[in-house]
């Protein structure tokens, strides 16, 4: 996968992700209610909406806009996921050129930023169980292959005992449930795939 995202494409991706997460708000919160405090849907929908607005209105270049997106996400989301995705955006800003960022670099930056902030390892039943296989696949695979790897990672969380966050308190009772953070990560990757595939000019 060699596609690059310029500022217009990145803006379209963030708007599309915000819309898709808004559509999944209830689903994500319901999943989170089974293992956490039930606010993941609101956190992700509100966070990406804020990030999309910050990206479009702030920053002199692409890295600056990405940093603004991260800051807006953090300001909008007080839950644990706020610092995770804020760090993901800041990591992407650090790897972006002034005008564009390769899609594999963006995916890897999100995974690395989330890993650095959250200290989650593969198998901990978190969003990293989607972001990490996506990042590894993106290095040499196509976007459909990335989504396949991410989807397999999501399904694998059903077999895991949560080791991070509120869900960790439930121990083996998390078995059989998909992780809400992993589910929202797949929604974001699907929005990226749609953007790269040229589905419409906006979300």
*Single unsatisfied condition, residue 108 versus (1) within 14 Å of the chain's Cα centre (by Cα); (2) in a loop (DSSP other than H, G, I, E, B)*: (2)
*Just one of 167, 135, 120, 162 is buried (at least 21 other Cβ atoms within 10 Å of the Cβ), modelled with pLDDT under 90 and in a helix (DSSP H, G or I); which is it?*
167
*Got at least one residue in the stretch 32-46 being within 23 Å of residue 196 (Cα to Cα), buried (at least 23 other Cβ atoms within 10 Å of the Cβ), without any contact (Cβ under 8 Å) to a residue 60 or more places away in the chain and touching a helix residue (DSSP H, G or I) at 6+ places or on another chain (Cβ under 9 Å)?*
yes
*Run down 76, 103, 68 and say which single residue is in contact (Cβ under 8 Å) with a residue 12 or more places away in the chain, under 15 Å from the mean Cα position of the chain (by Cα) and surrounded by 19 or more Cβ atoms within 10 Å (Cβ to Cβ).*
103
*Of all residues in the stretch 47-65, which are without any contact (Cβ under 8 Å) to a residue 24 or more places away in the chain, touching a helix residue (DSSP H, G or I) at 6+ places or on another chain (Cβ under 6 Å) and part of a helix (DSSP H, G or I)?*
54
_Unmet requirement for residue 129, which otherwise passes all of (1) within 20 Å of residue 55 (Cβ to Cβ); (2) modelled with pLDDT of 95 or more; (3) buried (at least 18 other Cβ atoms within 10 Å of the Cβ)_ = (1)
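The values are calculated or read from the model by the stated rules, or taken from the named source; none is laboratory data. Just so it is clear, the model here is predicted, and its values are computed rather than measured. A quick note on method: Cβ atoms are made from the backbone with ideal geometry, for glycine too, and the neighbour counts reach across all protein chains shown.
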